[in-house]
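Some notes on the structure that comes next.
No lab work stands behind these numbers, since they all come straight from the coordinates. This one's a predicted model, so the numbers in the text were calculated from it and none came from an experiment. Heads up, the Cβs are rebuilt from the backbone with ideal geometry, glycines too, and the neighbour counts pull from every protein chain shown.
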Amino acid sequence: MTDAQALRRGPRAYTAFIGIGLLAGLLSGLFGVGGGTVIVPLLVLLLHFDQRLAAGTSLAAIVPTASVGVISYATTGSVAWIPALILAAGAVVGAQIGTRLLPRISQTALRWGFVGFLVVVIVSLFLVIPSRDAVFELTWLTGIALVGVGVGTGILAGLIGVGGGVIVVPVLMLAFGTSDLVAKGTSLLMMIPTAISGTVGNLRNRNVDLLAAALIGVSACTTTALGAWLATIVNPSVGNILFAAYLVVIAVQMAIKAVRGRRRA
């Protein structure tokens, strides 16, 4: 067993896995995201996971977490089932495109572009407050648009490892006029087939720590429902502010990676 492997086992590591899971589950339920933006950096920082192993472990942990989140949102009717499956189909295809484009595109330019996208979204969240009474109307036009959003989300996921929730939730709210709760519930449902597909590939490449994924996923399941419940009692405008703050953290993370990548280049 190597030193890196030793760090991933033992009471300290197991405690860290559980703590990471509890935090990721809460944020997953509250914002409709997978929690990878929390899981990956903490695994790398606290337990010295390799970046790819951390990403693969995070994706596996997202499957049970998102499943509990979907059930929680479905109990209040806040899941658009067919749109979520359309998004997922597009994302699975897009992820394959993204991974093929990966060697040909500048990671630094992509990261700065994504930071710019997040800045626009953050500003928009202060200008547009979603209505909880809004109903998602699926038409041929919106269906085609959903495929495009799914493919775009998948491509970004394949290129820079960004989870779908940070893209899908604001797009559904701002571009489709969906309520914040439906956007979050739909986002979580979209993630399940996408995460399963990615996890199968990661298992083949041995980029998943199954024990860590299990501990994180089970721990996350205990707080995901709490996060989803908090989302229903928080005022939509307050929810937008909290989500904007979460996106600021992600934008800062991505900007730091872009600066480091440029220095290495």
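Would you mind finding the one in W112, W140 that is more than 13 Å from T178 (Cβ to Cβ), among the aromatic types (F, W, Y) and within 22 Å of the chain's Cα centre (by Cα)?
The unique qualifying residue is W112.
Of the conditions (1) over 25 Å from G152 (Cβ atoms); (2) buried (at least 24 other Cβ atoms within 10 Å of the Cβ); (3) among the aliphatic types (A, V, I, L, M), L188 satisfies every one except a single condition; which number is it?
With respect to (1) over 25 Å from G152 (Cβ atoms); (2) buried (at least 24 other Cβ atoms within 10 Å of the Cβ); (3) among the aliphatic types (A, V, I, L, M), L188 is out only on (1).
Across segment 180-225, what is the total count of residues that are charged (D, E, K, R) and in contact with a helix residue (DSSP H, G or I) (Cβ under 8 Å, 6 or more places away or on another chain)?
Residues in segment 180-225 being charged (D, E, K, R) and in contact with a helix residue (DSSP H, G or I) (Cβ under 8 Å, 6 or more places away or on another chain): 3 in total.
Here is a yes/no grid of residues against (1) of a type in the set (G, A, S); (2) closer than 17 Å to L242 by Cα; (3) surrounded by fewer than 16 Cβ atoms within 10 Å (Cβ to Cβ):
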| site | (1), (2), (3) |
| --- | --- |
| I129 | no, yes, yes |
| F136 | no, no, no |
| G148 | yes, no, yes |
| T153 | no, no, no |
| I167 | no, yes, no |
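Cβ contacts < 8 Å: first residue assigned to a loop (DSSP other than H, G, I, E, B), restricted to segment 119-135; second residue aliphatic (A, V, I, L, M), any location; separation 6+ or different chain. Result?
As it stands, the answer is V128/M173; V128/L174; P130/M173; P130/A183; R132/L181; A134/V182, since those pairs meet every condition given.
If you take the residues of segment 24-41 that are under 13 Å from Y246 (Cα atoms) and not small (G, A, S), which of them is surrounded by the fewest Cβ atoms within 10 Å (Cβ to Cβ)?
This residue is L26.
State which residue is surrounded by the fewest Cβ atoms within 10 Å (Cβ to Cβ) when the search covers only segment 226-242 and only residues that are closer than 20 Å to G21 by Cα and in contact with a Lys or Arg (Cβ under 9 Å, 6 or more places away or on another chain).
The selected residue is A231.
Using beta carbons and a limit of 7 Å, which pairs, at least six apart or on different chains, have the first residue in segment 166-189 and closer than 13 Å to I86 by Cβ and the second one part of a helix (DSSP H, G or I) and of a type in the set (K, R)?
Close Cβ pairs (under 7 Å, with a partner that is part of a helix (DSSP H, G or I) and of a type in the set (K, R)) do not exist here.
I'm checking my understanding of the structure. Among residues of segment 191-225 that are in contact (Cβ under 8 Å) with a residue 12 or more places away in the chain, under 25 Å from V151 (Cα atoms) and of a type in the set (V, I, T), which one is surrounded by the fewest Cβ atoms within 10 Å (Cβ to Cβ)?
I196
Among S58, S67, S28, which is touching a Cys at 6+ places or on another chain (Cβ under 9 Å) and touching a residue at least 12 places away in the same chain (Cβ under 8 Å)?
Every option except S67 fails the conditions.
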